[in-house]
Amino acid sequence: MTDYYSIKDLLTDEQQMIQNSVHQFVQKEITPIIEEHAQACTFPSQLIPKFGEMGVFGPSVSTKYGGGGLDYITYGLIMQEIEKGDSGMRSVASVQSSLVMFPLEQFGNEAQKEKYLPKLATGELLGCFGLTEPNHGSNPNGMETKLIKKGDHYILTGSKMWITNSPIADIAVVWAKNEEGRIKGVIVEKGMKGFSAPEIHNKWSLRASVTGELVFDDVVITEDHILPLKDGLGVPLMCLDQARYGIAWGAIGAAMDCYETAVKYASERKQFDKTLGSFQLTQKKLSEMLTEITKSQLLALRLGQLKNQGKATTAQISMAKRNNVEMALNIARTSRQILGGMGITGNYPIMRHMMNLESVVTYEGTHDIHLLILGADITGTPAFI
Ligand code: TGC
Ligand code: FAD
């Protein structure tokens, strides 16, 4: 495991133990099958109950509701280990944990928590998070999905786009505007009349993860399906803080897998009667990759400490998500070059990681949006419009 600055020594025994067991789980359950699923564009649904058993759904959710009750560094390490396997598999785990279980735990009432959280923790239920719309991606505040009161219930109309897990999800946490234009969180269940979740096909990225739409054609929503504790855009943005934090760790996993593949290949492959690793140009690539991974690991670890203390800001999370995903994408590209032609094949994980990371750099706030969040924090002047 790439750990040039002995980050392991800064982890507790429990954190190390959980990291190692998720690492072994990924090697046994994800690595052997993921390339085939990515090539075939199929989702390995058999992993869902196994994720539940491993405790990767809701590691930071309270044990009272079936979660792990673990700290945020452990959560980050879990995301890192899963993304070594595949970003799409980390997506499944992080959407369930940060974008479905987190809002239910934070903004749901007791009945909602008891009804959904324990089943989400085991994988008996799978969830998705609907914020993005066809006409509103980076600017979710422009959303057109409406939740309008009608007698003793509400009517939900509109649609969401690019939703991880949506075609296979049992529940969707959806964000919609009420008559006053306030954004409310709504729990929509599979099978509700007027609700459908068609799959989006033809992706060249995250091919082993299912992405789809959410379509609400006058869906009747009762009061018990509305998250009661808070409303406004800040609520989904708080969920995004959680998920972006996990991605800041996860992307390091993809980078480590690419780098480790490149180091091994460079030590075996010979050209001009010498291993690739003995050429200065290859050593430059490997040295720079290791440096960037190490810097990202330290950034993630410090962010985790701040998060554990309740001090991590949105802008700090943006910095880490943006930096670490770009780092991973650059490392995937450089590693691919070290493997030459072999790098484009599915015999190695690099091309799949690279294509996956093209989504990771866009979802959960694009590279540009995170730069603008940082710019606004530095200058006090938002430059989104
Ligand atoms: P802005 O005016 O900045 O804020 C609106 C209100 O929200 C409050 N707020 C926050 N509250 C809590 N936590 C945060 N992190 C918050 N950030 C903002 C803010 O104080 C304000 O409150 P109030 O009371 O004044 O109303 O909002 P804006 O409309 O200017 O937007 C800012 C911007 C562009 C940064 C935001 O819209 C944004 O982050 N856009 C990017 C959208 C995005 O990231 N979408 C992700 C969709 S989910 C996804 O991609 C899942 S992929 C999953 C996977 O497969 O892993
Ligand atoms: P746009 O907002 O149209 O942006 C296009 C380009 O314009 C980007 O480069 C962007 O940076 C740039 N841009 C936009 N505004 C500005 C500005 N003000 N200044 C400068 N540049 C700007 N969403 C969910 O709600 N739930 C999910 O589970 C989910 N899963 C996803 C899974 C995948 C595989 C993908 C690809 C996306 C997913 N998304 C999900 C949606 C994702 O969050 C959006 O794609 C993302 O927020 C960007 O929105 P957009 O695609 O509409 O791009």
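The values are calculated or read from the model by the stated rules, or taken from the named source; none is laboratory data. The structure presented is a predicted model; accordingly, all values stated were derived computationally and were not measured. Please note: Cβ atoms are built from the backbone with ideal geometry, for glycine as well, and neighbour counts cover all protein chains shown. With ligands, DNA and RNA removed, areas are computed over all heavy atoms of the protein, side chains included. Shrake-Rupley method; radii C 1.70, N 1.55, O 1.52, S 1.80 Å.
Just to check your reading of the model, which residue among LEU99, LEU117 is open to solvent by less than 30 Å² (accessible area, probe 1.4 Å) and away from ligand 1 (no atom under 15 Å from the Cβ)?
LEU117
Among the residues of segment 135-167, what is the count of those that are over 14 Å from GLY181 (Cα atoms), open to solvent by 60 Å² or more (accessible area, probe 1.4 Å) and in contact (Cβ under 8 Å) with a residue 40 or more places away in the chain?
Of the residues in that region, 4 qualify.
Suppose we keep only residues that are among the polar types (S, T, N, Q) and touching a helix residue (DSSP H, G or I) at 6+ places or on another chain (Cβ under 9 Å) within segment 140-175. Which one would you say is farthest from ligand 2 (Cβ to nearest atom)?
Taking the candidates together, the pick is ASN165.
Would you mind stating whether THR282 is among the hydroxyl-bearing types (Ser, Thr, Tyr), in contact (Cβ under 8 Å) with a residue 12 or more places away in the chain, touching a Pro at 6+ places or on another chain (Cβ under 9 Å) and within 21 Å of PRO349 (Cα to Cα)?
Answer is no for this residue.
For segment 196-244, which residues satisfy the criterion of being crowded, with 16+ Cβ neighbours inside 10 Å, outside any loop (DSSP other than H, G, I, E, B) and more than 10 Å from ligand 1 (Cβ to nearest atom)?
SER196, GLY212, GLU213, LEU214, VAL215, PHE216, VAL219, ILE221, HIS225, ILE226
Does LEU299 count as touching a residue at least 12 places away in the same chain (Cβ under 8 Å), within 16 Å of ligand 2 (Cβ to nearest atom) and open to solvent by 10 Å² or more (accessible area, probe 1.4 Å)?
Criteria not met by LEU299.
From the list MET319, MET351, MET355, exactly one residue is closer than 16 Å to SER205 by Cα, open to solvent by 50 Å² or more (accessible area, probe 1.4 Å) and in contact (Cβ under 8 Å) with a residue 40 or more places away in the chain. Which is it?
Only one candidate qualifies: MET355.
Criterion first (open to solvent by less than 10 Å² (accessible area, probe 1.4 Å), among the hydrophobic types (A, V, I, L, M, F, W, C) and on the phi < 0 side of the Ramachandran plot) does ALA266 satisfy it?
Yes; evaluated as a whole, the condition is true for this residue.
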